[in-house]
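**Q** Sharing a structure here in structure tokens format.
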Amino acid sequence: MSTPKEIEIKLELSPATLPRLKKIPLLRAPKGATRRSAEVSVYFDTDKHKLRKKGLMLRVRRIGNRYIQTIKATGKSGLFERDEWESGIASAQPDLDLARGTALEALVGRKLRHRLKPMFETRVARTVYPLSSSTGEIEFTVDRGTIAAGDRSAPLCEIELELKRGSQAELFNVARELMQAVPARLEFRSKSQRGYELLDGKGDAPVTAERVDLVAGISTRDGFKAIGRACLRQIVSNGPALLKGDPEGVHQMRVGLRRLRAALSLFADMLTDPQTAAIKTGLQWLQGELGPAREFEVLMKRVVAPVKKRRARWDGVPSLSHELAEKREAALSRAQDAVKSARFHALTLDIAAWLETGNWTEPRANPDQEGPLRSGILRQPVSRQAGLEAAETIPAGARSAAGCTRRSQ
């Protein structure tokens with residue numbers, strides 16, 4: 001029997017924009033079709049987060065007088081797909097006997113039963129709009145509420161688009177229509193991931209590159225997909241840190257961006273369609289918007305700060321330092337404006353749709369992509385072949401002003 005799957009796109013938005021959803025023709029469901037409920041979900045794990053480390057999630061959700069237990073496994077199947085097992089249970093405590101046949105079964109034992117405890121909870125007001133057509137069925141869900149972990153809490157306002165029947169392409173089409181109506185943004189973090197971030201006190205922290213494991217014999221297409229997904233996740237996940245003004249958020253988003261552009265170059269032979277060309281144009285725009293913020297940050301830390309410390313009494317050093325600091329702040333504001341823009345939100349969704357359902361993924365578009373990934377392709381000088389510089393650079397104008405030479409990190 002095949003493993004049940006959840007295929008879902010998650011979008012985050014401001015609560016202030018929720019009234020605008022009523023004006024979207026897509027959501028004008030027949031009277032009585034819309035469902036509303038108040039839901040409390042408790043997430044369970046051990047003190048050492050054994051389930052989290054194994055990529056598993058165990059949740060008990062209360063809806064009225066009913067309790068639903070859900071087990072999820074992240075797996076390696078994609079950005080929007082997870083294994084999922086749901087069962088009705090009798091109480092608010094997990095029923096681990098129902099873990100048989102799930103990804104959790106291998107961990108269930110006396111120790112786990114004894115050590116399992118509530119970690120955090122969500123409380124949401126949920127509205128569900130069923131979207132049906134001759135070609136598919138999508139559940140459009142709006143959740144608004146809070147995530148609470150101990151004495152920490154965070155607001156929650158998101159939209160989940162879950163594919164019940166049909167193609168992923170149709171799911172992305174609905175997401176695009178929504179983004180055109182309200183300023184929503186792609187979100188890869190699940191509610192459980194955000195709960196763990198609250199526990200760790202690391203909400204909105206910069207996100208470094210994740211390891212990409214390419215198994216032996218993987219096809220060229222699936223190899224590129226795995227790399228592209230990891231890069232996109234790093235780009236999107238650093239949005240919150242960048243918007244908070246964290247310089248490391250800018251750096252890590254640029255790292256993800258450079259990795260993706262390098263991958264596009266390495267796999268160029270199978271990426272020759274117009275969709276790919278449009279993605280490249282969008283990535284080039286984003287690179288240009290983020291670049292000055294990182295470059296001025298490097299200049300201030302690597303050049304200006306040491307000079308200011310050692311030669312503080314030199315004429316012109318204080319005024320130069322102040323002038324460059326102002327330019328750094330202006331560059332950061334430019335990067336933040338770009339990441340808050342509709343263009344950025346549309347670009348990240350377009351990249352996701354292109355990775356999962358783009359024309360390049362069809363075998364007839366390029367039969368060679370079905371062959372095994374050649375190990376040599378990943379040993380090439382990635383940055384050089386992509387026309388990118390892995391080293392950080394100092395803006396030319398700033399170099400002249402500071403009287404310094406270009407240096408790399």
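**Q** Considering only residues that are open to solvent by less than 40 Å² (accessible area, probe 1.4 Å) and either among the polar types (S, T, N, Q) or in a loop (DSSP other than H, G, I, E, B) (or both), look in the range 88-102 and name the one that is farthest from Lys53 (Cα to Cα).
**A** Pro94
**Q** Still on this model: Checking the conditions here, which among Arg144, Arg123 is outside any helix (DSSP H, G or I), over 24 Å from Ser2 (Cβ atoms), basic (Lys, Arg) and over 22 Å from the mean Cα position of the chain (by Cα)?
**A** Every option except Arg123 fails the conditions.
**Q** Hey, any hits in the range 237-245 for a residue that's among the hydroxyl-bearing types (Ser, Thr, Tyr), open to solvent by less than 40 Å² (accessible area, probe 1.4 Å) and over 17 Å from the mean Cα position of the chain (by Cα)?
**A** Scanning the range 237-245, I find no residue that is among the hydroxyl-bearing types (Ser, Thr, Tyr), open to solvent by less than 40 Å² (accessible area, probe 1.4 Å) and over 17 Å from the mean Cα position of the chain (by Cα), so the answer is no.
**Q** Could you give every pair whose Cβ atoms fall below 8 Å, whose first residue belongs to the range 212-224 and is within 15 Å of Arg259 (Cβ to Cβ), and whose second residue is in a helix (DSSP H, G or I) and open to solvent by 50 Å² or more (accessible area, probe 1.4 Å), counting only separations of at least 6 or pairs across chains?
**A** Qualifying pairs under 8 Å: Leu214/Leu378.
**Q** Could you give me the residue pairs with C-beta distances under 7 Å whose first residue belongs to the range 100-116 and is under 15 Å from Phe44 (Cα atoms), whose second residue is of a type outside the set (A, V, I, L, M) and open to solvent by 100 Å² or more (accessible area, probe 1.4 Å) wherever it lies, and which are 6+ apart or on separate chains?
**A** Correct list of pairs: Leu107/Lys54; Arg115/Asp47.
**Q** If you don't mind, another one. Is it true that Ala241 is among the small types (Gly, Ala, Ser), at pLDDT below 90, assigned to a helix (DSSP H, G or I) and under 27 Å from Asp204 (Cβ atoms)?
**A** no
**Q** Do you know which residues across the range 58-77 are open to solvent by less than 20 Å² (accessible area, probe 1.4 Å), touching a residue at least 60 places away in the same chain (Cβ under 8 Å) and either under 30 Å from Trp354 (Cα atoms) or not in a strand (DSSP E or B) (or both)?
**A** Passing the criteria: only Lys72.
**Q** OK, next. With respect to Lys280, is the statement that it is more than 25 Å from Ala330 (Cα to Cα), part of a helix (DSSP H, G or I) and open to solvent by 30 Å² or more (accessible area, probe 1.4 Å) true?
**A** The answer is yes for Lys280.
**Q** So which of Glu295, Glu248 is over 23 Å from the mean Cα position of the chain (by Cα) and among the charged types (D, E, K, R)?
**A** So the residue among Glu295, Glu248 that is over 23 Å from the mean Cα position of the chain (by Cα) and among the charged types (D, E, K, R) is Glu295.
**Q** Moving on. Filter the range 155-181 for residues that are touching a Gly at 6+ places or on another chain (Cβ under 6 Å) and assigned to a strand (DSSP E or B); which is least open to solvent (accessible area, probe 1.4 Å)?
**A** Selected residue: Leu156.
**Q** Which numbered condition trips up Arg254, out of (1) under 12 Å from the mean Cα position of the chain (by Cα); (2) surrounded by 22 or more Cβ atoms within 10 Å (Cβ to Cβ); (3) among the basic types (Lys, Arg)?
**A** Going through the list (1) under 12 Å from the mean Cα position of the chain (by Cα); (2) surrounded by 22 or more Cβ atoms within 10 Å (Cβ to Cβ); (3) among the basic types (Lys, Arg), Arg254 breaks only (1).
**Q** For the range 202-233: of the residues being among the small types (Gly, Ala, Ser) and assigned to a helix (DSSP H, G or I), which is nearest to Ala352 (Cα to Cα)?
**A** Looking at the filtered set, the residue picked out is Gly228.
**Q** Only one of Thr135, Thr141 is buried (at least 18 other Cβ atoms within 10 Å of the Cβ), over 17 Å from Tyr43 (Cα atoms), without any contact (Cβ under 8 Å) to a residue 60 or more places away in the chain and of a type in the set (Ser, Thr, Tyr); which?
**A** Step by step, each of Thr135, Thr141 is checked, and only Thr141 is buried (at least 18 other Cβ atoms within 10 Å of the Cβ), over 17 Å from Tyr43 (Cα atoms), without any contact (Cβ under 8 Å) to a residue 60 or more places away in the chain and of a type in the set (Ser, Thr, Tyr).
The values are calculated or read from the model by the stated rules, or taken from the named source; none is laboratory data. This structure is a prediction, so every number in the text was calculated from the model and none was measured. Positions of Cβ are backbone-derived with ideal geometry, glycine not excepted, and every protein chain shown enters the neighbour counts. Keep in mind that these areas ignore ligands, DNA and RNA; they rest on the heavy atoms of the full protein, side chains included. Shrake-Rupley method; radii C 1.70, N 1.55, O 1.52, S 1.80 Å.
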